[in-house]
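The values are calculated or read from the model by the stated rules, or taken from the named source; none is laboratory data. Here the structure is a predicted model, which is why all the values come from computation and not from measurement. Glycine also receives a Cβ, built like all others from the backbone with ideal geometry; neighbour counts cover every protein chain displayed.
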Amino acid sequence: MAVAVLAYGATANVFERTPFAGAILFTATGLVLGPAGLALINTKIEAEALRTLAELALALVLFTDAANTDMAELRRSLSLPQRLLLAGLPLTIAAGILAGYLLFPDLGLAGIAVLAIAVAPTDAALGKAVVTDSTVPVRIRTTLNVESGLNDGICVPVFLVALAIATETMGSQGVGSFALKLAVTGIGIGAGVGLLFSLVAVRAIGICSARGWISESWRQVLVPALALACFGTAQWAGGSGFIACFVAGLAFGALEKQHKDPALEAAEGLGDAVALCLWVLFGAAVVGPLLRRLTWEAAVYAVLSLTVVRMVPVLLCLGGTGLTAKDKLFIGWFGPRGLASIVFAVMAVDAEVPGTETIGLVVSVTILLSVIAHGLSAKPFSRMLGGGCPESSRRGS
């Protein structure tokens, strides 16, 4: 994996001009190096290891993407991610439950809900090719970035409720009170931890920099350490580490002006490297066996999840916003599934949810299809939307 990352890093500019970059290339590399190919990678990997790696990568990506957000544009276009999160996300989950009920009735309603929620959140890492493309209007990039940054954290309490119902571990609490408690602690603690850590860190970095206490080599470690500290502390305190990282990144980007860019570069590189290693393992440990267990029901659900289940709710909730039909279709299509869905699938396996094999299979197929479809379409669709020229050269974006 290290050799693969080294080779890709040395030629990244070449690959990133093509559709075969990032996750799609490394998933294929894992498939070639795994048991289905050359058998050079041992795939006896614990599910918990995949979950940890996915969480680390997602924590870093969420922080750095949030820190790079254009806050002025976010204030202008805040209503769009609000619509996607408060209306589009629940509608997507509901549509996923309906599709699951038609295709997998044996899972039971709670198991179907676990599946639908697991594949609902969009992935910030897989969507990076779009949200960093200057040919895409900044309003759309900001909307997709904020949506992918917050929807996985919002899904955590909902997913835990469905998990508790499916495994009958809720106890004597009612569904409403249990869900409210998880939502308040997950989102509230996560946001509080992220904001507090960022405020303290920015103040401390400013003081230490002014006194010449920070060496250049250690300056590169500060942002990754801050992101992981936010994630770990929020999780330990019972909150959402994903919410903590995104809120911390927003606060860091808004408050830290002088040292932001050089500090973020190292974190972005580390996040990309960890994510690419995860995709190698995904290709080796998951895709190979997946090809032998694939069913038509899993394939149909994956296609529906990435198209109708995602796109129809997006089109409905973005009505009356002034966006063109092409803009809405673009936002609806670019809802890639990846790291968060891996985390949720492993949580379902750990909890021994009835029908775990089916849930794991469908989530894996959905992620694989997303890696291929969104990877191949990111560049051409972005050019089609933006007219093929950088945004700085266009007016009215």
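Annotations for the structure displayed:
- Of the set (1) under 30 Å from Asp272 (Cβ atoms); (2) touching a residue at least 24 places away in the same chain (Cβ under 8 Å), all apply to Leu103 but (1).
- Look at (1) under 19 Å from the mean Cα position of the chain (by Cα); (2) modelled with pLDDT of 85 or more; (3) not hydroxyl-bearing (Ser, Thr, Tyr) and you find that Asp65 fails only one, number (2).
- Flag set for Phe20, criterion: among the hydrophobic types (A, V, I, L, M, F, W, C), modelled with pLDDT under 90, under 24 Å from Phe334 (Cβ atoms) and not in a helix (DSSP H, G or I).
- Check on Ile165, within 30 Å of Ser382 (Cβ to Cβ), at pLDDT below 90, crowded, with 17+ Cβ neighbours inside 10 Å and in contact with a helix residue (DSSP H, G or I) (Cβ under 7 Å, 6 or more places away or on another chain): no
- Residue ID - nearest to Gly232 (Cα to Cα), chosen from residues in region 24-62 that are at pLDDT below 80 and of a type in the set (Asp, Glu): Glu48
- Filtering region 299-322 to residues that are of a type in the set (A, V, I, L, M, F, W, C) and more than 15 Å from Gly100 (Cβ to Cβ) leaves Met311, Val312, Val314, Leu315, Leu316, Cys317, Leu318.
- Failed item, numbered, when Ala244 is tested on (1) at pLDDT below 85; (2) within 20 Å of the chain's Cα centre (by Cα): (1)
- Filtered by the rule that a residue be farther than 17 Å from Lys328 by Cβ, of a type in the set (A, V, I, L, M, F, W, C) and in contact with a Ser or Thr (Cβ under 9 Å, 6 or more places away or on another chain), region 79-105 gives Ala99, Phe104.
- Filtering region 23-51 to residues that are outside any loop (DSSP other than H, G, I, E, B) and β-branched (Val, Ile, Thr) leaves Ile24, Thr27, Thr29, Val32.
- Conditions (1) free of Cβ contacts under 8 Å to residues at least 24 places away in the same chain; (2) more than 26 Å from Gly153 (Cα to Cα): number failed by Asp261: (2)
- The residue that is surrounded by the most Cβ atoms within 10 Å (Cβ to Cβ), among those in region 297-344 that are of a type in the set (Ser, Thr, Tyr) and closer than 22 Å to Thr135 by Cα, is Thr321.
- Matching residues in region 324-348 - criterion: being over 21 Å from Gly153 (Cα atoms) and touching a residue at least 60 places away in the same chain (Cβ under 8 Å): Asp327, Phe330
- Criterion violated by Thr135 - all others in (1) farther than 22 Å from Ala266 by Cα; (2) of a type in the set (S, T, N, Q); (3) under 17 Å from the mean Cα position of the chain (by Cα) satisfied: (3)
- Under the condition of being loosely packed, with under 10 Cβ neighbours inside 10 Å and touching a residue at least 40 places away in the same chain (Cβ under 8 Å), the residues counted in region 1-16 number 0.
- Taken together, Ala72, Ala59, Ala66, Ala54 contain a single residue that is assigned to a helix (DSSP H, G or I), free of Cβ contacts under 8 Å to residues at least 60 places away in the same chain, closer than 29 Å to Ala201 by Cβ and hydrophobic (A, V, I, L, M, F, W, C), which is Ala72.
- Boolean, Leu74 is within 28 Å of His259 (Cβ to Cβ), buried (at least 16 other Cβ atoms within 10 Å of the Cβ), at pLDDT below 85 and of a type outside the set (Gly, Ala, Ser): yes
- Only one of the numbered conditions (1) more than 20 Å from Ala110 (Cβ to Cβ); (2) more than 15 Å from the chain's Cα centre (by Cα); (3) part of a loop (DSSP other than H, G, I, E, B) is violated by Gly335, and that is (2).
- Residue within region 213-226 that is closer than 27 Å to Asp261 by Cα, surrounded by fewer than 19 Cβ atoms within 10 Å (Cβ to Cβ) and of a type in the set (D, E, K, R) present: yes
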